[in-house]
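Participant: First, the structure itself, so that you have it in front of you.
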Amino acid sequence: MATSLGKAAQKLGLALTVAAATLGPAQGRATETDVALAALPAEAQRTAQLIRQGGPFPYAKDGSVFGNRERQLPRQARGYYREYTVKTPGAHDRGARRIVCGGREVTRPLHCYYTADHYASFRRILDGNGNLASASQTRP
């Protein structure tokens, strides 16, 4: 009896782990990987403003499709995410910092993410009230 209860508990634990991994963080709730737009570097705040305005962007690759090959962001169809360079003071190239936004409308994305390490990790951008921030919700 104890063995079958142990197996049932293991199955339940596995099911909960799979469900949590599938669902991810609750929509709109802050997590340790979230960051307020106002807490980002000034260059990132400026990039968010340019996204909202539709440009002009400083680099030719800004606005190009982000493939999510690293699978760090929630899976979406190709073309859903677009990437934008966040200028790095003193860098002679585009540097490692980016904002990646997802949604159907380029100037009104549903959500945006910040990476300071060239896609190795991402932080979901929130507005000043702790809500998911899209580039259309942000203020300069």
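The values are calculated or read from the model by the stated rules, or taken from the named source; none is laboratory data. Computed from a prediction, not measured in an experiment: that's the story for all the values here. Because the Cβ atoms are built from the backbone with ideal geometry, glycine has one as well, and the counts that use them run over all protein chains shown. Protein only, heavy atoms only, side chains kept; ligands, DNA and RNA dropped before computing areas. Shrake-Rupley method; radii C 1.70, N 1.55, O 1.52, S 1.80 Å.
Participant: Read through the list (1) farther than 16 Å from Leu126 by Cβ; (2) open to solvent by less than 70 Å² (accessible area, probe 1.4 Å); (3) at pLDDT below 90, then give the number of the only condition that Gly63 fails.
Facilitator: Of the numbered conditions (1) farther than 16 Å from Leu126 by Cβ; (2) open to solvent by less than 70 Å² (accessible area, probe 1.4 Å); (3) at pLDDT below 90, the odd one out for Gly63 is (3).
Participant: Tally up the residues in region 108-140 that are hydroxyl-bearing (Ser, Thr, Tyr) and modelled with pLDDT of 90 or more, please.
Facilitator: 5
Participant: Another question, then. Condition first: in a loop (DSSP other than H, G, I, E, B), among the charged types (D, E, K, R) and at pLDDT 95 or above. Now tell me which residues in region 76-95 satisfy that.
Facilitator: Lys87, the sole residue that qualifies.
Participant: Continuing with the same structure: For region 96-113, give me each residue that is closer than 20 Å to Pro41 by Cβ, open to solvent by 20 Å² or more (accessible area, probe 1.4 Å) and either touching a helix residue (DSSP H, G or I) at 6+ places or on another chain (Cβ under 9 Å) or part of a loop (DSSP other than H, G, I, E, B) (or both).
Facilitator: Ala96, Arg97
Participant: Could you count how many residues in region 30-55 are modelled with pLDDT of 95 or more, in a loop (DSSP other than H, G, I, E, B) and open to solvent by 60 Å² or more (accessible area, probe 1.4 Å)?
Facilitator: Total meeting the criteria: 0.
Participant: Of (1) open to solvent by 20 Å² or more (accessible area, probe 1.4 Å); (2) part of a loop (DSSP other than H, G, I, E, B); (3) not β-branched (Val, Ile, Thr), Leu73 satisfies all except one. Which?
Facilitator: For Leu73, the failing item is (1).
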